[in-house]
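Participant: Got a structure here, written out as structure tokens. Questions coming.
The values are calculated or read from the model by the stated rules, or taken from the named source; none is laboratory data. Remember, predicted model here, so these are calculated numbers, not experimental data. Neighbour counts are summed over all protein chains in view; Cβ atoms, including those assigned to glycine, are modelled from backbone coordinates with ideal geometry. Side chains are part of the model used for accessible areas, which takes the heavy atoms of the whole protein and leaves out ligands, DNA and RNA. Shrake-Rupley method; radii C 1.70, N 1.55, O 1.52, S 1.80 Å.
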Amino acid sequence: MRSLSSSSTSSTPRARSALPRLPVPDLRQTLDRYLASLEPLLLEDERLGKSSFKSAYSLRCKWAQSFESGIGKVLQQRLHGPPPPSSASSDNWLDDNFWMEKAYLEWRAPLLVNSNWWLAFHDDDLIPQSALTGESSDNRAGITLWQVRRAAWLVHRVLEFKGKLDDGEIHPDTTRTDVYQHPDSPTDIPQLMTPREIATRIRAVVLDVEQRLATGERALPVGVLSADNRDAWAVNQHYLLSLHPRNRTTYQTILSSVMALSLDHMTHTIPPAAHPTHSPQGISQEALDSHLHTIRAHHLNVANRFWDKPFTIIVDPSTHAGATGEHAPCDALVPSIVSEYGIVQGIDEAAFDGTLNDTDPGGWQRLDWVANNKIRQECDAAHARAIKIIEDSDDSVLWFQGYGTDWIKSLAKFGPDAYIQMALQLAWYKTRGEFTATYETVLTRMFKHGRTETLRTLTRDSRAWVLEMVDPKSTATARYAALQRAIKTHSRLTKEAATGRGIDRHLLGLRLMLRPQDGEEAPLFRDELFDRSQQWKLSTSGLSAGHLFRGTG
């Protein structure tokens, strides 16, 4: 929130470091690495009696050789060529050509659970214990006093971070918060409201809601429409905006806002287990999972989000907080850095200067929707579909206390990420009895407008280590040696992906350069193994929770 009054202040020019352009990988190297990624799958096919490894691998090598000397050479040249006229820039061949469309916008599954990232914040130690249980003598429309205060504090801190970016005090490339959409530098900068000023306006909104509820008014849960299948949401959005000009104004206001704030009116609680377990912070597993479910969404708050927003702060009556957002504009690392700034400094109670009164300070505007029975019925139907998605998903945090990253690095002498990835491979095999293509995210933000690359965790070496671990005749020495080889391979693949030499984005680019309308085709891309090698039954994309987050997803 910015106050309506402003002062004339010149904005410091944004300092931008000269990041290199994402390179187009060498075609032969990509093909070799792709063939290597197929080896564990082909070895499994042979073990299961489906096909001979030697003959199946030879066939893929033949297709790769034909691709390199034929159509692949043409496709590679097209990737090296100038970006298409529709491109927003010429900074990144992947971003310029198709990444946003192929990775996000063409995927029509609901954003809820399937795509949007979320972060669950740790509780603020400066908030009274009574507030953490939802106790309040000033509960208005289900919203508590400390809920308003924490919401105002988080909003203030996030906007303070944005102000530092706009003023050039911190820089996108060094904080890794560049989402490639830079507003024009204004010469007349609005002044950031104080936490108390923000809180008084939030309080005024809460009192307005309370008054409307008292008269029997039923809010239109438009937010749940945005949680629906993307095609269904597009149809309903078009219809909603056609009903009245006010709806278009409301919608555009929501879209153009810096962020959204969702105040939930109830604290979600999972019943305690017969023998409860606790995290190192002393919180029970059920309380922790309840918090995670709140941020992901549950049946009572799924409509209290606008799922298209890239950044939404969430606070419940017990002051449990988090954030969620639509994934397309940026990867989850960006909002995690912004959120860390928001929560690393706890609430300064003195900033609120006593209790909040019921006087409306103005400076806020109610955004109403004009609806009819059709839209209300569509909201009900979308809510029912959203509940099915939520009930078919789960999220939790396992607190493993046997050892942690310090032991892995100092005694085991391994990188924690590679070590955990191998543990996931073993766990999958022991619970499923099979191997599967595995996805891990690697950031490519060392390049201009860099996003991510895929690391294929299932390798010939990781498979060999898993088989050593489940072989009762294997020795500790053999298992350790196999683990060393698997982790060395994983670390090499990580470095290759981070430095622009991964294979999946390159293969995607090559495939999309094909012109089927001109009769172009490639047996390499028609291979069922090409698709199977990218069917990520095990996806390990995520952020480390660190010291400020209870969980991420």
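Participant: Leaving out ligands, DNA and RNA but keeping every protein chain, what accessible area does HIS238 have, in Å² rounded to the nearest 10, with a 1.4 Å probe?
Facilitator: Answer for HIS238: close to 130 Å² accessible.
Participant: What distance in nm separates the two pseudo spin-label positions at HIS547 and ALA381, each 7 Å out from Cα along the beta-carbon direction?
Facilitator: 5.1
Participant: Report ³J(HN,Hα) in whole Hz for each residue of region 206-214, in order, from the Karplus equation J = 6.51 cos²θ - 1.76 cosθ + 1.60 where θ = phi - 60°; Gly and Pro get x.
Facilitator: For region 206-214, the Karplus curve yields 4, 5, 5, 4, 4, 5, 5, 5, 5 Hz.
Participant: Over all distinct alpha-carbon pairs, what is the Kirkwood Rh of region 199-358 in angstrom?
Facilitator: Roughly 18.3 Å, rounded to one decimal.
Participant: Just for the Cα atoms in region 298-418, what are the lengths along the principal axes, largest first, rounded to whole Å?
Facilitator: 64, 45, 28
Participant: Starting from the 7 Å offset along Cα-to-Cβ, what nm value, one decimal, do you get for the label separation of HIS278 and LEU300?
Facilitator: A separation of 2.5 nm, rounded to one decimal place.
Participant: For LYS448, LYS495, give the ranking by accessible area with the largest first, probe 1.4 Å.
Facilitator: LYS495, LYS448
Participant: Something else about it: Per residue, how large is the accessible surface of region 457-547? Use a 1.4 angstrom probe and give square angstrom.
Facilitator: Normalised by residue count, the accessible surface of region 457-547 is 54 Å².
Participant: How much FRET efficiency would the formula 1/(1 + (r/R0)^6) give for LEU132 and ARG526, where r is the Cβ-Cβ distance and R0 is 45 Å, rounded to 0.05?
Facilitator: 0.20
Participant: I would also like to ask the following. Which of rounded, prolate or oblate describes region 514-553 when judged by the alpha-carbon gyration tensor and an a/c cut-off of 1.5?
Facilitator: Prolate, since a/c reaches 1.5 and a/b exceeds b/c.
Participant: Based only on Cα atoms, what mean projected area does the convex hull of region 473-553 have, in nm²?
Facilitator: Average projection, Cα convex hull of region 473-553: 9.9 nm².
Participant: Still on this structure, please answer the following. Quick check: from the Cα gyration tensor, does region 274-316 come out rounded (a/c under 1.5), prolate or oblate?
Facilitator: prolate
Participant: Tell me the label-point distance for the pair SER257, LYS102, using the 7 Å Cα-to-Cβ offset, in nm and rounded to one decimal.
Facilitator: 3.5
Participant: Still on this structure, I have one more. If the viscosity is 1.306 mPa s and the temperature 10 °C, what translational diffusion coefficient in µm²/s does Stokes-Einstein give for region 408-536 when Rh comes from Kirkwood over Cα pairs?
Facilitator: 96
Participant: Please express the Cα-Cα pair-distance distribution P(r) of the chain as a list of whole percents, one per 10 Å bin, running from 0 to the bin with the greatest distance.
Facilitator: Taking all Cα pairs of the chain, the binned fractions are 3, 15, 24, 25, 19, 10, 4, 0 percent.
Participant: Could you work out the Rg to Rh ratio of region 108-154, with Rh taken as the Kirkwood radius (inverse of the mean 1/r over all Cα pairs)?
Facilitator: Radius of gyration over Kirkwood radius for region 108-154 works out to 1.14.
Participant: How big is the charge dipole of the chain about its Cα centre, in debye rounded to the nearest 20, if each Lys and Arg gets +1 on its Cβ and each Asp and Glu gets -1 on its Cβ?
Facilitator: So the magnitude is around 1660 debye.
Participant: Also: Go through HIS293, HIS547, HIS299 and list them by solvent-accessible area, largest first, probe radius 1.4 Å.
Facilitator: Final ranking, largest accessible area leading: HIS547, HIS299, HIS293.
Participant: For region 345-387 and region 299-313, what is the centre-to-centre distance using only Cα atoms, to the nearest Å?
Facilitator: That distance is 11 Å.
Participant: Still on this structure, please answer the following. Per q in 0.16, 0.24 1/Å, what log10 I(q)/I(0) does a Debye calculation on the alpha-carbon atoms of region 239-326 return?
Facilitator: -0.72, -1.15
Participant: Using alpha-carbon positions, what is the distance between the centroids of region 393-440 and region 449-477, in Å?
Facilitator: Each part reduced to its Cα centre gives a spacing of 11 Å.
Participant: Sum -39500 (n - 2.57) across every DSSP H segment of at least 4 residues in the chain, then divide by the residue count to get the 222 nm mean residue ellipticity, nearest 500.
Facilitator: -14000 deg cm²/dmol
Participant: What FRET efficiency do you get for ARG28 and GLN535 if R0 is 30 Å and r is their Cβ-Cβ distance, rounded to the nearest 0.05?
Facilitator: Efficiency, rounded to the nearest 0.05: 0.70.
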